[in-house]
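Below you'll find the structure, written out as structure tokens, and then a few comments.
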Amino acid sequence: MSGEERKRAEIDYPQAVGEAGRDWIRGKPFGHDPRESARFLIDFGYIMQLLELHAGTSLVELGCGSGWMTRFAARQGLHAEGYDISPEMIEIAREQAAAEGLDVVFEAADMEGLDLGRRFDACLIYDAIHHSERADLVLASAHRALKPGGCLLLAEPNWKQRFEGRGA
């Protein structure tokens, strides 16, 4: 699969999974197997700790999908923005943020070529870099998004961890 075909598949993903899949996307991190929900919530807690995020901090999430982590960050008082290549995923993220009464920026954009102008304290790439064939471009976008001294957290949970939990 070429890079463009891969990107097209990412853009089209919400349509490909159908209404049941979109319901799953909207409910993330809840409404799933309790172990999976627990893993998502534990991951979010680790991210908050590792990036030393607190109210007033600015965070950008690249490859945010439905934006659940970005929305959780906003609930903690962070200025949070999320970017994803799929306009439909961004629409879901915006709908969920509006339903939750959150002021969060979500935009459709390719994380391989963003220039967000060094305005964030922290950048998160969670379970997303595997969607790119050019990790170097994604990391360059993250670097351009960060203020001097800003922090990047790249988290790519693996399938073994996802389904075997602590045993992995």
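The values are calculated or read from the model by the stated rules, or taken from the named source; none is laboratory data. Only a predicted model underlies this, so the values are computations on that prediction, with no experimental measurement involved. Because the Cβ atoms are built from the backbone with ideal geometry, glycine has one as well, and the counts that use them run over all protein chains shown. Only protein heavy atoms, including side chains, enter the accessible area calculation; ligands, DNA and RNA are left aside. Shrake-Rupley method; radii C 1.70, N 1.55, O 1.52, S 1.80 Å.
Dividing the summed helix terms, -39500 (n - 2.57) for each DSSP H run of n ≥ 4, by the number of residues in the chain produces a 222 nm estimate of -14500 deg cm²/dmol to the nearest 500.
The range 116-136 and the range 28-60 have Cα centres lying 17 Å from one another. For the chain, the fraction of 1.4 Å probe accessible surface lying on carbon and sulfur atoms is 54 percent. Magnitude of the charge dipole for the chain, about its Cα centre and with charges confined to Cβ atoms of Lys, Arg (+1) and Asp, Glu (-1), is about 480 debye. GNM remark for the chain: springs join alpha carbons under 10 Å apart, and the peak mean-square fluctuation among SER132, SER37, SER141 falls on SER37.
When only DSSP loop residues count, what GluC sites (Glu not before Pro) in the range 10-89 have their Cβ near at most 14 other Cβ atoms within 10 Å? Those satisfying the criteria are GLU52.
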